[in-house]
Amino acid sequence: MSERERRTARVDTPQEVRRQLIRRPSGMSSETFGVLSEKFARFMGTPRFLIWMTVFVTVWLAWNTFAPQSAQFDPRALNYTLLTLILSLQASYAAPLILLAQNRQDDRDRVGLEQDRVQAERALADTEYLTREVAALRIALRDAATRDFIRGELRDLLEEMETKGLEVRRRQNDAAADEVDETTEGPSPRW
């Protein structure tokens with residue numbers, strides 16, 4: 001195996017630049033050509049193009065059918081050969097240009113889908129992270145007192161204090177009432 005064959009046999013080694021038979025004009029890059037083909041394809045898909053093409057073909061057919069024989073340039077007797085040639089030429093250029101425009105659109109769509117996939121993965125990772133954080137907060141808050149829990153405990157304590165305060169007041173009132181009873185009755189007689 002020669003040195004050149006060994007270099008081309010490896011996948012990780014770039015191939016040598018090949019010479020082109022037809023050189024591209026210096027001002028025309030492949031990007032410029034692609035943009036022009038997309039513009040052409042977009043124009044061919046518009047109602048304006050269809051209307052102008054219909055007008056063109058109608059005028060052509062009317063002229064070459066109803067004009068005097070000496071003024072006809074594509075006579076009906078020859079089955080409109082020139083019109084057929086022009087339409088075939090247009091179709092032969094339109095089809096590859098439209099395919100080129102579709103390929104460029106497919107490439108853009110592919111890049112857009114890849115970016116959407118990366119963004120979706122990033123959003124999923126963020127969502128999973130936030131879910132884990134919320135779960136950790138729930139676990140941590142399980143041991144922490146919530147506002148409702150503290151309010152409930154304070155309400156219970158207040159009720160308990162009010163209950164004990166009422167009991168203390170009742171005892172004080174009972175004790176005061178006993179003292180009043182003892183002072184008003186005087187010494188009890190001994191019999």
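Below are the figures for this structure:
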item: Per-pair calculated FRET efficiency, R0 = 25 Å: residue 33 and residue 91 via Cβ, rounded to 0.05; result: 0.80
item: Computed E for residue 168/residue 121 - FRET, C-beta separation, R0 41 angstrom, nearest 0.05; result: 0.05
item: The range 53-191 - percent of accessible surface contributed by carbon and sulfur, probe 1.4 Å; result: 60 percent
item: P(r) weight above 22 Å for the range 31-163, C-alpha pairs, percent; result: 70 percent
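The values are calculated or read from the model by the stated rules, or taken from the named source; none is laboratory data. This one's a predicted model, so the numbers in the text were calculated from it and none came from an experiment. Heads up, the Cβs are rebuilt from the backbone with ideal geometry, glycines too, and the neighbour counts pull from every protein chain shown. Ligands, DNA and RNA are excluded from the accessible area calculation, which covers all protein heavy atoms including side chains. Shrake-Rupley method; radii C 1.70, N 1.55, O 1.52, S 1.80 Å.
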